[in-house]
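See below for the structure under consideration.
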Amino acid sequence: MNRWTDIFKFRSGETKLKADPRLRWFGKLPTYADYYSSPADEEWVTEFNDWLLKGYEVYHHRQHEGGHKGKRVPLPVTNCAIRLPKSHVTVLASIQDYGGDMRGRPFPLTFYVGVPSAQWPGPIAGSSWGAMSVLARLSSLRHEVMRFSRAPGRFESVFGDREVDVEQVMVEGKDDGWLDGARRVSLTTWFDGLKAGLSTENLGVWLGLVGKWGETIAALESESFEPTFCFPLAAGLPMDMQVAAWLRWLEPLMELERRSLSLMVTEEREGGGGRLLVIARDLVQEDFLLLTPLYRSLAYLDDLTAVKPKESAGGGSNGPVDAADAVPDLPETLADFVVQRMRAS
């Protein structure tokens, strides 16, 4: 089966799925004792809401199992492009944690739109740009949510009857505009924003680790290889540029264009960095944990930040390398780092 020619689904055997730009929402705010929810008038909407509900239930259960009852930690701000396995729609969503409802029951609030997955294969670096623009638009609604919370009324009257331009997600061709920004960011500046969450503060050693990790990915690439990757993102630099850079770094190692990838981009609160999660398989309920503080508890996660030099205590689950394998010739910019990976492949 060719995944992308067969992935189109038909409603009532006749009508192809179409992009759905209508703004939808689902979740809780402290201004109401129940869910704020737009109509679940499509199958993909029901599937996505169900993933959120059951995923959060998994998270809540794991928190209690870990003895964290009463010690609530807000979820990071998350933007994601989630491929729904049943309806074959990609949901572009911004997930924000405002605490829960007025009865103290926690649950995030999500704004989202949908596009047919078959119309957005990949994603790769050049096609991630449009999706990140849509996600930025959805994320910016938090300012209106805060105004709504100060003077609550009918949610529909504030956020209803809106559309988000999703056509830019499905534009054919590749947009490498992100490279202009990457050429202006020195690699040391980028690394300085990452290293607080890494196993080494030596840039050369870390580049050696990244190189070895990439070689392992390339060696495992096959039809049966369905990994979940975690890449670090630096605070203070554009997230869309960094997402595109990591995808471009990954492109020579895996056939991204043939895959149905889901992406999650999280940003820690109070100016912290973030992470890019790349899910190269069908989504499952447990994947909700990837956008929570419990993401490292997932045994199937290949986390670049967890890779350690051999001299570090405990080694690394993804194959530690010796510090002697440090990269001697350091790239100057973030763009050079990506180009170096492509040439090496």
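Bear in mind these aren't lab numbers, they're just calculated from the coordinates by the rules spelled out. Values in this document were obtained by computation on a predicted structure and should not be read as measured data. Cβ sites come from the backbone with ideal geometry, for glycine too, and all protein chains shown count toward neighbours.
Miscellaneous remarks
- Low-density loop positions, trypsin sites (Lys or Arg not before Pro), the stretch 148-251 - DSSP coil, at most 14 other Cβ in 10 Å: 154, 162, 174, 184
- Of 54/212; 18/54; 28/54, those spanning more than 25 Å from alpha-carbon to alpha-carbon: 54/212; 18/54
- Couplings for the stretch 131-139, taken from phi via the Karplus curve 6.51 cos²θ - 1.76 cosθ + 1.60 with θ = phi - 60°, read 5, 5, 5, 4, 5, 5, 5, 5, 5 Hz in order; Gly and Pro are left as x.
- Cross-link partners for residue 195 among the aspartates and glutamates, with Cα-Cα distance under 16 Å and sequence neighbours closer than 8 places in the same chain left out: 267, 268, 303.
- Taking the Cα centre of the stretch 3-344 as origin and assigning +1 to Lys and Arg Cβ atoms and -1 to Asp and Glu Cβ atoms, the resulting dipole is close to 920 debye.
- Amide H contacts of residue 333 (H built 1.01 Å from N, under 5 Å, at least 5 apart or other chain): 187
- Principal-axis tilt of helix 334-344 within the chain, Cα atoms, nearest 10 degrees: 60
- Beta bridges by DSSP in the chain, antiparallel share as percent, to the nearest 5: 90
- Potential lengthening of the chain between residue 16 and residue 154 amounts to 46.3 nm, from the contour at 0.36 nm per residue minus the alpha-carbon distance.
- Radius of gyration and Dmax over the Cα atoms of the chain, both given in Å: 20.4, 62
- Note on residue 86: aspartates and glutamates with a C-alpha under 17 Å away, same-chain residues under 8 apart excluded, are 6, 20, 41, 42, 43, 47, 50, 282, 286, 287.
- With respect to the chain, whose longest principal axis is taken over its alpha-carbon atoms, helix 43-65 is tilted by about 70°.
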